[in-house]
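The values are calculated or read from the model by the stated rules, or taken from the named source; none is laboratory data. Everything quoted here is computed from the prediction, not taken from an experiment. Note: ideal-geometry Cβ built from the backbone for every residue, glycine included; neighbour counts use all protein chains shown. Just so you know, the surface numbers come from the protein's heavy atoms only, side chains and all, with ligands and any DNA or RNA stripped out. Shrake-Rupley method; radii C 1.70, N 1.55, O 1.52, S 1.80 Å.
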Amino acid sequence: MRSRTPSGMRLVNLLLSGWTGLVFLFLYLPIVLLVVYSFNASRLAIVWEGFTFRWYEQLWHEFTAHLADERRSALIESMGNSVIIAAATTGLSVLLGTAGGWLLHRYRFPALRTISTLIFIPMIIPEIIMGISLLIFFKTVEMELGFATVIISHVTFCFPFVLVAVQARLAGLDPSLEEAAMDLGATPLKAFWHVMVPYLLPAIISGALMSFTLSMDELIVTYFTRGPKSETLPIKVYGMAKVGLNPLLNTISTVFIVGTAMLVICAELLKGTARRSREPG
Amino acid sequence: MDVMVELKRVTKRFSGTTAVNEVDLTIRAGEFITLLGPSGCGKTTLLRMISGFETPSEGTVLLEGKDVTYEPPYRRDVNQVFQSYALFPHMTVQENIAFGLKMKKVGRAEMDERVRSAIAMVSLAGMEARKPTQLSGGQRQRVALARAIVCRPKVLLLDEPLSALDAKLRHSMQVELKQLQKKLGITFVFVTHDQEEALTMSDRIAVINKGKIEQLGDADAIYHRPKTTFVANFIGQANILHASVVAREARQARVELEGGLTLTTSEELPEGAERVLVSIRPEKVWIEKERGEGDNWFEATIEDELFQGPTDQLRLKTDGGLTLSALVANESSRRTPVHAGDRVWCHLHHDDIVFVHED
Ligand SMILES: Nc1ncnc2c1ncn2[C@@H]1O[C@H](COP(=O)(O)OP(=O)(O)OP(=O)(O)O)[C@@H](O)[C@H]1O
Ligand SMILES: [Mg+2]
């Protein structure tokens, strides 16, 4: 059948697709440029002088030298710090978010309603305010700034993501599922481990990946709550960029973008499976 | 006769409502007993006290003579088939069925053997590796059944297990379930609100109303000798009529219905009763063109005729003004073709006039 869209509609569609195209160009062109310039032979980041792997090699050398204790690299060290902080944040967020989501699902008394709203404040509050208030808090309780303070800060805005994912999955839960496990001889603990945990796993993993990425590239809150030895990669990169655009920055950023994109894609794929297996069972 | 489950004056109260009210029930080993009643009458609650998911507010639950009132579900030799099936979505058919044996730490070889035979028993061979989402409703139902029977429970509890299936599948599953129960010899406690299902499947039926057992008996007794108006109305249809006793003899009584209609009954009269209620099934009202032999004949006019497929429902009015409904078989060459407006002779057998209590 021939399309019978009125011409007015066609114009609207044309304008809409044009607009969407522009937005995407605007969003992704800088990223594409950054990736392209990471292969630029020039020392000056914005003049193209030919294709090279040089900066990747340099990054690799710094990495191996640092690991072999030959030459200490502040950049690689900050990378390591970021990974440690992100891993710890993810672990804690998973525990806190899963337990929280489960409790909120299980016991629905009024006070918990308020709590469940409060939990989302760290997700939406401006980061600068989060940073300052956490700093004031750590100073008040006389906690030394360092890994612990950064991790605690990251957990406050990461675990809600796990909690939301777990809660969404639990909303589709057949309440008889746990009873069926107990009916078949599982103690409550075994029922949780053998039935609830596998059921929640897709949500937990997607929440964990989210936490990891969020923690990896967090700048502002970290800026306020870090200690002298807990410099993270984003802070290091920010410091380097202030001094001048360095081709190594493009390289690191590209590695970062690829890593983050992969994690996000994994999270999305898992969300897809979660949705599919939630259909009546 | 071995006793399998015994409920002694069991009561369950939830904030505000009494879901189960002082129920006494003895379930025999190997029988197929059905709990039948309208929605909200307490069937599920009663079942959940046998499985251990609810603790009675009062009373005791005995399993093979042992008090299990406060035992948790995972320590009772009882398994349940849930209405929603409650299959574990992340496990395959095989894993679902093996779950109970895994929890009981049954050895690998024995587990495989028992799972295989359970799968064969519910005809699911070839589907072991599928996930529940890849099964039809009827197949999920079978997995739920296999998952429970593989544990060889002493009692299998089934909470409206067929209500999610379409009529045809429902019928074939009814037959299958009944055969399976006979073969395994496991005690089945079956919950339904479908009276037809209860009548075809059960050895005994407990009719429940408002948390109490109104009547307990086999299908025949429940259908032909209802004890209360509730049972008479809930299972099949019934004409419930007021009557007064006019004469008592050795094994007979004469009662007078509204409009001066006098009938002879053969059922034992409640002691000293003057005013009674009688229940008459519409299909037990015999319709003829001419008066036949014996007593309990009366004339009536057909006021209304309702075509119902295999039967015709007639509304009869006696000369005294009593209204009665009757069912007649709808054959093509009917013995006595009758139509609205016809004058007919009606007959009732002594045994088909049943005394009932008001509930
Ligand atoms: N956990 C509970 N808390 C409060 N009231 C409950 C609870 N469970 C059941 N009830 C109430 O107890 C009564 C009996 O419920 P039950 O589920 O046993 O009925 P049922 O006969 O199984 O009904 P249906 O045929 O609809 O499944 C109902 O009035 C119900 O509202
Ligand atoms: Mg129920």
Show the residues, 5+ positions off or on another chain, whose built amide H is closer than 5 Å to the amide H of B:Val81.
-> B:Leu157, B:Leu158, B:Asp159
If you plug each phi of the stretch A:213-222 into the Karplus form 6.51 cos²θ - 1.76 cosθ + 1.60 with θ = phi - 60°, what whole-Hz ³J(HN,Hα) values come out, in order, with x for Gly and Pro?
-> 5, 4, 5, 4, 10, 6, 10, 5, 4, 4
Mean separation of Cα pairs under 8 Å and 6+ residues apart, divided by the residue count of chain A: what relative contact order is that in percent?
-> 28 percent
Would you mind checking the radius of gyration and Dmax of the stretch B:237-348 based on alpha-carbon positions, in Å?
-> 14.7, 48
Would you kindly find the accessible area of B:Glu299, with a 1.4 Å probe and non-protein molecules such as ligands, DNA and RNA excluded, rounding to the nearest 10 Å²?
-> 60 Å²
Could you give the Stokes-Einstein D for chain B in µm² per second, using the C-alpha Kirkwood radius, 25 °C, 0.890 mPa s?
-> 106 µm²/s
Percent relative contact order of the stretch A:29-177, based on C-alpha pairs within less than 8 angstrom and at least six residues apart?
-> 26 percent
Using all Cα-Cα distances in the stretch A:198-276, what percent lands in each 5 angstrom bin from 0 up to the longest?
-> 3, 14, 19, 17, 16, 12, 9, 6, 3, 1
Give a residue-ordered list of calculated ³J(HN,Hα) values for the stretch B:196-212 (Karplus: 6.51 cos²θ - 1.76 cosθ + 1.60, θ = phi - 60°; whole Hz; x for Gly, Pro).
-> 5, 4, 4, 5, 7, 9, 8, 6, 9, 10, 10, 8, 10, 9, 6, x, 10
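Pick out, in residue order, every one of the GluC sites (Glu not before Pro) in the stretch B:155-215 that is DSSP loop and has at most 14 other C-beta atoms within 10 Å; say none if there are none.
Qualifying residues, ordered by number: none.
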Once you treat every alpha carbon in the stretch A:65-277 as an equal point and sum by Debye, what is log10 I(q)/I(0) at q = 0.10, 0.12, 0.14, 0.15 Å⁻¹?
-> -0.53, -0.72, -0.92, -1.01
Per principal axis, largest first, the Cα atoms of the stretch B:1-154 extend in Å by 47, 31, 25
Please work out whether the protein assembly as shown counts as rounded, prolate or oblate from its C-alpha gyration tensor, where a ≥ b ≥ c are the square roots of the eigenvalues and a/c under 1.5 means rounded, while otherwise a/b larger than b/c means prolate and anything else oblate?
-> prolate
The stretch B:159-258: which trypsin sites (Lys or Arg not before Pro) are DSSP loop and have at most 11 other beta-carbon atoms within 10 angstrom?
-> B:Arg251
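Please report the relative contact order for the stretch B:237-348, taking Cα pairs under 8 Å with a sequence separation of at least 6, and give it as a percent rounded to a whole number.
Numbers: 231 pairs, mean separation 30.2, N = 112.
This gives 27 percent for the stretch B:237-348.
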Hydrodynamic radius by Kirkwood, which averages 1/r over all alpha carbon pairs of the stretch B:162-297, in angstrom | 17.7 Å
Could you give the nm distance between label points at A:Ile84 and A:Leu269, where each point is 7 Å from its Cα heading toward the beta carbon?
-> 3.1 nm
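If you average 1/r over every pair of different alpha-carbon atoms in the stretch B:1-68 and take one over that average, what Kirkwood value in Å do you get? Intermediate results must be reported in sequence, preceding the final value.
Working: mean 1/r = 0.0815 Å⁻¹.
Evaluated on the stretch B:1-68, it is 12.3 Å.
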Taking the reciprocal of mean 1/r across every pair of different Cα atoms in the stretch A:153-232, the Kirkwood radius in Å is 14.7 Å
Just add up the charged neighbours of B:Leu306: K/R +1, D/E -1, any other residue whose Cβ is under 12 Å from the Cβ of B:Leu306.
-> -3
So how far, in whole Å, is the C-alpha centre of the stretch B:70-145 from the one of the stretch A:232-250?
-> 58 Å
Distance in Å, no decimals, from the C-alpha centre of the stretch A:178-214 to the one of the stretch B:169-211 is 35 Å
